[in-house]
Amino acid sequence: MRVDLWHPRAHGDKSPFADGNRATNPTISIRTQSATASNHYASGYPDEVSTLDRLAVEKYLLLTTFRKDGGAVATPVWAVRDGDALAVWTVANSGKVKRVRRSGKVTVAPCDFRGNPRGEAVAAHAALTGSVATDQHIRSIMARKYGLIGRMSMLGSRIRRGRHGTVGIRVTLTEPTAAPGSPAA
């Protein structure tokens, strides 16, 4: 599957901004090679994209961990794809780390930076990475995905807490990751 960024002015289509009004930037949408209505879900993703892929491209994910009494605690986090799982980077003594250490049962869902869900939650299992090398790998792919802001966050965290003040969490989806409607593997 080939995914191209599409912009109306780049392809010669008439745009409401063609008259020079640049007060508002036009939105950039993603189109696949065959952009037909039957080839897209209401979420705007092509049929061939797995749940893991959809979650990995989101800027923020709502990571929900569970207390001993079963109460849910949802936290918006940055996440990146790391092989067949998602990776999250967080403070080592945070509540979510303690809850993941006790029980790896979590859910993940796309959200905005305030934690307002923008999609359906998916059941998953989380585990602490437990190695400095893996934590460093997660930091590097996190910095790559989030660019300058990611690098500045990693640097600020390292200055405040040191290298051992943060930890990586691997989140493996427990529900099937194939796209709905595609044959199950």
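The values are calculated or read from the model by the stated rules, or taken from the named source; none is laboratory data. Keep in mind that what you see is a predicted model, and the values were worked out from it rather than measured. For neighbour counting, all protein chains shown are included, and Cβ atoms are generated from backbone atoms with ideal geometry for every residue, glycine included.
Things to note:
- Test result for K98, in contact with a strand residue (DSSP E or B) (Cβ under 7 Å, 6 or more places away or on another chain) and farther than 14 Å from L61 by Cβ: no
- Selected residue (only one of L128, L62, L86 is touching a helix residue (DSSP H, G or I) at 6+ places or on another chain (Cβ under 9 Å) and surrounded by 19 or more Cβ atoms within 10 Å (Cβ to Cβ)): L86
- Residue match in segment 154-165 (condition: modelled with pLDDT of 80 or more and either closer than 24 Å to T107 by Cα or within 19 Å of the chain's Cα centre (by Cα) (or both)): no
- For segment 124-143, a tally of residues being in contact (Cβ under 8 Å) with a residue 12 or more places away in the chain and within 20 Å of V57 (Cβ to Cβ) returns 7.
- Lone unmet requirement of (1) more than 14 Å from the chain's Cα centre (by Cα); (2) over 16 Å from A56 (Cα atoms) for T75: (1)
- Test for V122: is it crowded, with 19+ Cβ neighbours inside 10 Å and of a type in the set (A, V, I, L, M): yes
- Selection from segment 131-146 of residues that are closer than 24 Å to F66 by Cβ and either surrounded by fewer than 16 Cβ atoms within 10 Å (Cβ to Cβ) or among the aliphatic types (A, V, I, L, M) (or both): I138
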